Amino acid sequence: MTSEEPVLDSVVIGAGQAGLSASYHLRRRGIDHVVLDADAAPGGAWQHRWDSLTMQDVHGIAELPDADRLPVSGERANVAVPAYFTDYERAHGLPVLRPVRVDRVVSAGPTPLDAAGADLLRVQAGDRSWLTRTLVNATGTWTRPYVPSYPGMAEFAGEQLHTHDYPGAEHFRGRRTVVVGGGASAVQLLGEIALVTDTVWVTRRPPVWRTDDFTPEAGRAAVALVEERVRRGLPPASVVSVTGLALRPQERAAEALGAYDRLPMFDRIEPDGVRWDAREGAPGRFEPAQAIVWATGFRPAVAHLAPLRLRGAYGGIQLDRDGTTAVADPRVQLVGYGPSASTIGANRAGRFAARGVAAWLEQAARASA
Ligand code: FAD
């Protein structure tokens, strides 16, 4: 490094809801930063959602800070949200650079430029890099679809795909389809696929159906549960996994066809279907299938942070009581992670992260005075 290399006060990685919120609040505080985003266009993960997900299907997208609400309409979410983010970035003049995929973040060591004597961070993307005092990680989960491992998977003669690659219901016409997973995505996809072909739904735990309206109190209670996990350094569970499921009008036709009569998780996959082991004298059940859809969720996309050794003994990245500061390295804020993995949580986390960054910078400045 040469002594002329500029040092930023912060680098935000990711320009989804969480990264944009963080950037907005950093800017309000006058904190010098850039936002590095791997996608070629604005929209975060929303630009990649399947075509049949409309603004009526989503569970409510919180408006970005200091912006209008998104309209509820039949418009595709993968069009409406990216357009909204595009306007937002422009209106607020946010310093987003793209496409920039960050490969790794490393401790750069103290440098002559860092008056406070604290270590700097180096954010690397191919042959480019940025030197920064603090980091806000906002990389979401979309790039890390999770598929569990089951015996016989490799021998299945049909097609297996994750919701990440859902091509629309028509793709499955005429092929008996097993949908795996107990979350909102499984419910939505069954609502579509069951109308064009025979389906089988399997989940590890019996689904918990919400009969009441989803109140703000229930939402807060669900988020608090995930917050507690992250505070203890456990891998975060998805917020949706603790909010319960609800059928919407667009899923009633599939319900009438029996699409939500759920079976427990199968034990193995065979070339032409899925099988349950024999239990208590009962013969093993077999359901023929030509397709399996894994609606089994996503994991946080944080591999590029590995050199910072943020993970604790319990496998998760432990966050402070504020819900965004990494306990193992308070220069690092995580937003859209664990309890803040919803649009409303991401907004709030962005604000807290900017506050955490400001606190670190002030403390570093005091130490150098
Ligand atoms: P993302 O939107 O995923 O943005 C992450 C950004 O980081 C991307 O732009 C990506 O390019 C970038 N990135 C990733 N890795 C790197 C890297 N290494 N270097 C540089 N950039 C990188 N929440 C709700 O509140 N309401 C809903 O109705 C709702 N519906 C959902 C429906 C589906 C199908 C799914 C999967 C999620 C849904 N959620 C919903 C959750 C919500 O979408 C997310 O919590 C929120 O949008 C995530 O925002 P984010 O900024 O954390 O991540």
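The values are calculated or read from the model by the stated rules, or taken from the named source; none is laboratory data. Because the structure is a prediction, the values reported are computed rather than measured. FYI the Cβ positions are ideal-geometry reconstructions off the backbone, even for glycines, and counts take in every protein chain you see. SASA here: full protein model, heavy atoms, side chains in, ligands and nucleic acids out. Shrake-Rupley method; radii C 1.70, N 1.55, O 1.52, S 1.80 Å.
Note that the chain presents 47 Å² accessible area per residue, ligands and nucleic acids not counted, probe 1.4 Å. Placing +1 on the Cβ of every Lys and Arg and -1 on the Cβ of every Asp and Glu, with nothing else charged, gives the chain a dipole about its Cα centre of roughly 740 debye. The Cα trace of region 226-369 gives Rg and Dmax of 22.0, 76 Å, the first to one decimal, the second as a whole number. Computed over all pairs of different Cα atoms, the Kirkwood value for the hydrodynamic radius of region 279-336 is 15.2 Å. Between residue 248 and residue 149, the distance separating the two model label sites (each 7 Å from Cα on the Cα→Cβ line) works out to 3.6 nm. Compared with the direct C-alpha span, the chain from residue 263 to residue 91 gains 57.0 nm at full extension, assuming 0.36 nm per residue. Within the assembled protein chains, the solvent-accessible surface assigned to residue 101 is about 140 Å², based on a 1.4 Å probe. The Cα atoms of region 24-107 cover 44, 29, 19 Å along the three principal axes, with the biggest extent listed first. Multiplying the residue separation of residue 5 and residue 101 by 0.36 nm and removing their Cα-Cα distance gives an extension gain of 32.5 nm. Surface listing: 352, 172 arranged by accessible area from highest to lowest gives 352, 172, probe 1.4 Å.
Taking the inverse of the mean reciprocal distance over all distinct Cα pairs, the Kirkwood hydrodynamic radius of region 135-217 comes to 15.2 Å. Taking the empirical scaling 2.2 N^0.38 Å for compact globular proteins as reference, region 37-167 has a Cα radius of gyration ratio of 1.40.
Structure remark: mean-square fluctuation, Gaussian network model of the chain, C-alpha springs under 10 Å; the largest value among 138, 40, 354 belongs to 40.
All Cα-Cα distances of the chain, cut into 10 Å bins from zero to the largest, leave 5, 22, 29, 23, 13, 6, 2, 0 percent in each bin in turn.
Tell me, what % of the accessible area of region 1-84 is carbon and sulfur with a 1.4 angstrom probe? The C+S portion of the solvent-accessible surface of region 1-84 is 48 percent.
Spatial offset of region 271-319 relative to region 154-198 amounts to 16 Å, using the alpha carbon center of each.
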